[in-house]
1. Taking the condition of being in contact with a Leu (Cβ under 8 Å, 6 or more places away or on another chain) and aliphatic (A, V, I, L, M), how many residues in region 128-143 meet it?
2. Within region 50-73, take every residue that is in contact (Cβ under 8 Å) with a residue 24 or more places away in the chain and closer than 21 Å to ALA101 by Cβ and give me the one that is nearest to the chain's Cα centre (by Cα).
3. Any idea which residue in region 47-60 is farthest from THR17 (Cα to Cα), counting only those that are of a type in the set (D, E, K, R) and outside any helix (DSSP H, G or I)?
4. Of a type in the set (A, V, I, L, M, F, W, C), over 18 Å from ARG156 (Cβ atoms) and in a loop (DSSP other than H, G, I, E, B): is that true of LEU105 in this structure?
5. Which of the residues belonging to region 44-64 are surrounded by 15 or more Cβ atoms within 10 Å (Cβ to Cβ) and not acidic (Asp, Glu)?
6. Residues that are touching a residue at least 40 places away in the same chain (Cβ under 8 Å) and either within 20 Å of ALA36 (Cα to Cα) or of a type outside the set (Gly, Ala, Ser) (or both): does region 106-120 have at least one?
7. Could you check, for region 86-101, whether at least one of its residues is polar (S, T, N, Q) and free of Cβ contacts under 8 Å to residues at least 24 places away in the same chain?
Amino acid sequence: MWGRRTKIDPQRERNVTDADKARERTMNRAIKLLAAKPRSVAELRERLLEKLWTDEGIVDSVIERLKDYKYLDDEQYARDAALSRLRQRPQGRRRLEHTLAQKNLDKDVIKEAIDNAFENMPEDELIKTAIEKRIRLKGPPKTRADLKKFYDYLLRRGFSYESIREGMADIGTGDQEESAAE
């Protein structure tokens, strides 16, 4: 039962008998949801409207109050989420854009957050980290099929083909230097 949420039918009638009590319950639920994990304004709004004992007016007033308290800030949320994702698992710009787009954030906010994240953690360093980790786990590619799998893995991580090619060339150069030294 945990983790399963049913979509609320917008046609269903909401039952707000006591607006003050509904506002208090909505605020308490919002705080609990934000304590569990950070959320965008749109995500929080959607989760709060799951309950039939509140309505859009109450949810909007609770969200405005949370913004005033600085508990909700989409720009800060997007910056933190982008940096956190890059620290957890190196990935490219495309994958990060896709991940943040799922959080119902404005496109300009996403672009700014991603630009900020890649200023702090350049993509060429991230791809090197991803390549080194893959080699540590699976070993260097030995066949053409292994090389294709390696490229496919990095493409799924959201890196561009050009950055993959450059990153793989650097690794290849390092291997050739080791072979020449022996």
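1. Of the residues in that region, 2 qualify.
2. LEU72
3. In this case the residue turns out to be GLU50.
4. Criteria met by LEU105.
5. LEU44, ARG45, ARG47, LEU48, LEU49, LYS51, TRP53, THR54, ILE58, VAL59, VAL62, ILE63
6. no
7. Yes: region 86-101 contains one or more residues that are polar (S, T, N, Q) and free of Cβ contacts under 8 Å to residues at least 24 places away in the same chain.
Residues are listed down the side, and each one gets a yes or a no for (1) in contact (Cβ under 8 Å) with a residue 12 or more places away in the chain; (2) outside any helix (DSSP H, G or I); (3) farther than 22 Å from THR99 by Cα:
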{"site": "THR129", "(1), (2), (3)": "yes, no, no"}
{"site": "ARG134", "(1), (2), (3)": "yes, no, no"}
{"site": "ALA145", "(1), (2), (3)": "no, no, yes"}
{"site": "LYS149", "(1), (2), (3)": "no, no, yes"}
{"site": "LEU155", "(1), (2), (3)": "no, no, no"}
{"site": "SER163", "(1), (2), (3)": "yes, no, no"}
{"site": "GLU166", "(1), (2), (3)": "yes, no, yes"}
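FYI, it's all coordinate maths here, none of it is from the lab. Predicted model, so just to flag it, every value in this text is computed and none were measured. Counting neighbours? That spans all protein chains shown, and the Cβs are built from the backbone with ideal geometry, glycine included.
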